[in-house]
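What follows is a set of notes on a single structure, which appears directly below.
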Amino acid sequence: MIKGQSIKSIARLIAEAKGADHVMFVVSWGDVTPVRQKEIGINYFQNDGDSILASDIGKVSSFNVSGKEIKRKDLPLIKKSIPQYRTWKDWHGREHDGIQHRTMDVYPIDFVSPPSEKLSLKDIGGVRYIATRQIDLSSDSTLAMHLANLLLEYFGEFEIFDLSKHQMSDVNARQLQWEILPQGKYPWNKASGIVTPYLAKLSQSEKGVIEHRMREISKYEPDFLATGRGGYSGYFVYGFTSKKLHFLESIHLNNATYIFGDDWEKLSSLSKEEIINGEHEHLRVIHDKKWTGKIRQLLRA
């Protein structure tokens, strides 16, 4: 059993594995409180093989879900356009509101992609465990350290199972990243009640920007809406089934809008790097001054 807040050396894992190379890190399902299950999103687990990208609750899980940005202060400043939501009055005293883009000098950013490691429910010898994927300690030291510290952040402890000694059930994984809401039209006056609770921690300007984006898509009355779970909390899929279009939008200011066809659920569970660099059919619309026009063009077609 490994316990603590974090580990800093692979040697501790190797010693605990007692000579095993192919292992799995596990935590007994019964040892995790319902409060913690809900906090990280594994409360949706029901069946052997259920899998989810768990929520962000700290430094390690934040990197696992969102990656990280490294500010390059060693490089010259660059211009960046930042959207802001503002209200103002015209010469006649009439109030207006909308998105304005402010250009600022910022340092370039290097983005480190998230590992996006998921947790699964596994039946091992008739006992249910929360488990990582299989790891080769002899060659995957970086992965092993990340998963070890991820489980310590979530649960404070974990066991190492030698896969040559434990019988694994052979079932297809069931991804639980999305909750599909009841069928029907979702104009903004209906969708807003679902989206608004996720905006509580945003600044007033950020909230205005995100609401503007969601409202713009919702005005075309999507007939499908799905909300993200666990690490996808704050992500929404607006579907227009007759057009075979599904818009992936989020509460994160710097994320682009991703537009998929009918295979949206499979593609939306991929990392941004997998989507952008893979051979998957999708559109990526950056949130710049032309965003609104591009969205309207797609939905009016």
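The values are calculated or read from the model by the stated rules, or taken from the named source; none is laboratory data. Given the structure is predicted, the values throughout are model-derived calculations rather than measurements. Reconstructed Cβ throughout: ideal geometry from the backbone, glycine too, with neighbour counts over all protein chains shown.
Assorted remarks:
- Qualifying positions in segment 276-285 - within 28 Å of Ile99 (Cα to Cα) and either in a helix (DSSP H, G or I) or modelled with pLDDT of 90 or more (or both): Ile276, Val285
Quick grid of which residues meet (1) surrounded by 15 or more Cβ atoms within 10 Å (Cβ to Cβ); (2) of a type in the set (A, V, I, L, M); (3) modelled with pLDDT under 90; (4) within 27 Å of the chain's Cα centre (by Cα):
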| position | (1), (2), (3), (4) |
| --- | --- |
| Gln5 | no, no, no, yes |
| Met24 | yes, yes, no, yes |
| Trp29 | yes, no, no, yes |
| Leu53 | yes, yes, no, yes |
| Trp88 | no, no, yes, no |
| Arg102 | no, no, yes, no |
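- Exactly one residue out of Leu267, Leu253, Leu225, Leu202 is closer than 19 Å to Trp188 by Cβ and at pLDDT below 90, and it is Leu202.
- For segment 125-150, a residue qualifies if it is among the aliphatic types (A, V, I, L, M) and either without any contact (Cβ under 8 Å) to a residue 24 or more places away in the chain or out of contact with any His (no Cβ under 9 Å at 6 or more places or on another chain) (or both), and the qualifying residues are Val127, Ile130, Ala131, Leu143, Ala144, Met145, Leu147, Ala148, Leu150.
- For segment 1-18, a residue qualifies if it is in contact (Cβ under 8 Å) with a residue 12 or more places away in the chain and assigned to a loop (DSSP other than H, G, I, E, B), and the qualifying residues are Met1, Gly4, Gln5, Ser6, Ile7, Lys18.
- Checked against (1) modelled with pLDDT under 95; (2) closer than 28 Å to Asn47 by Cα; (3) not assigned by TED's automatic domain parsing to the domain that holds Trp264, Pro182 passes all but condition (3).
- All positions within segment 70-85 that are at pLDDT below 90 and under 24 Å from the mean Cα position of the chain (by Cα): Ile82, Pro83, Gln84
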